[in-house]
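The values are calculated or read from the model by the stated rules, or taken from the named source; none is laboratory data. What you see is a predicted model, and the numbers here were worked out from it, not measured in a lab. Glycine gets a Cβ as well: all are built from the backbone with ideal geometry, and neighbour counts include every protein chain shown.
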Amino acid sequence: MKKRISTHHQMLVSTLVLIMFAATQVFSQETTAIIEDEGKKPWVIDIEEATIDNSHYRMTVWTGRYMQLVLMSLEPGEEIDLELHSGHDQFIRIESGIARVLMGKEKYDFTFDKTIGDDWSMMIPAGYWHKIINVGQEPLKVYTLYGPPEHEAGTVYETHEEAEEQHHH
């Protein structure tokens, strides 16, 4: 004998489904929002989730006295333009995507050329010119650690073009 679901029960189930859908929409909107720079105080973050959910080209999320955490999202074909940090090393980890990593002691003379993807990281020694290119078909999601900080606390650039206008190497 089949049980008939009451109209009240159907409305309750429909309401719960709508609430769950709304909650997932709010969560996904929050994760793509700007994360306030929490530097100079203790802080924790799910770095993988924050990096993958980030839609900004560059966003500082923690700026301390001696170190800085930056999230980045590069569209296919975009790059972290050629730059040199003479006074500090840099660490970059790929959470999602495919990158071509170019490095060399002389400008435009890249003695290091590797293509890497998800879960790989690169160590960029002070004094090395470097350029990172998204060679994949999806956004390249990375985070980077600088020591000392490279960008002003709270920096957010929506696009590569905006970053280039504001950040001079």
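Candidates in the stretch 90-127 are the residues that are hydrophobic (A, V, I, L, M, F, W, C) and over 23 Å from residue 148 (Cα atoms); of these, the one that is surrounded by the most Cβ atoms within 10 Å (Cβ to Cβ) is 99. Consider the stretch 54-101 and keep the residues that are under 17 Å from the mean Cα position of the chain (by Cα) and among the aromatic types (Phe, Trp, Tyr). The one that is nearest to residue 158 (Cα to Cα) is 57. Taking the stretch 57-81 as the search range and keeping residues that are modelled with pLDDT of 95 or more and surrounded by fewer than 18 Cβ atoms within 10 Å (Cβ to Cβ), which one is farthest from residue 45 (Cα to Cα)? It comes out as 77. Meeting the requirement of 2 or more residues that are within 21 Å of residue 35 (Cα to Cα) and in contact (Cβ under 8 Å) with a residue 24 or more places away in the chain, the strands (runs of 3 or more DSSP E) wholly within the stretch 81-169 are 90-96, 140-146.
Taking the stretch 30-67 as the range and being basic (Lys, Arg) and part of a strand (DSSP E or B) as the test, only 58 passes.
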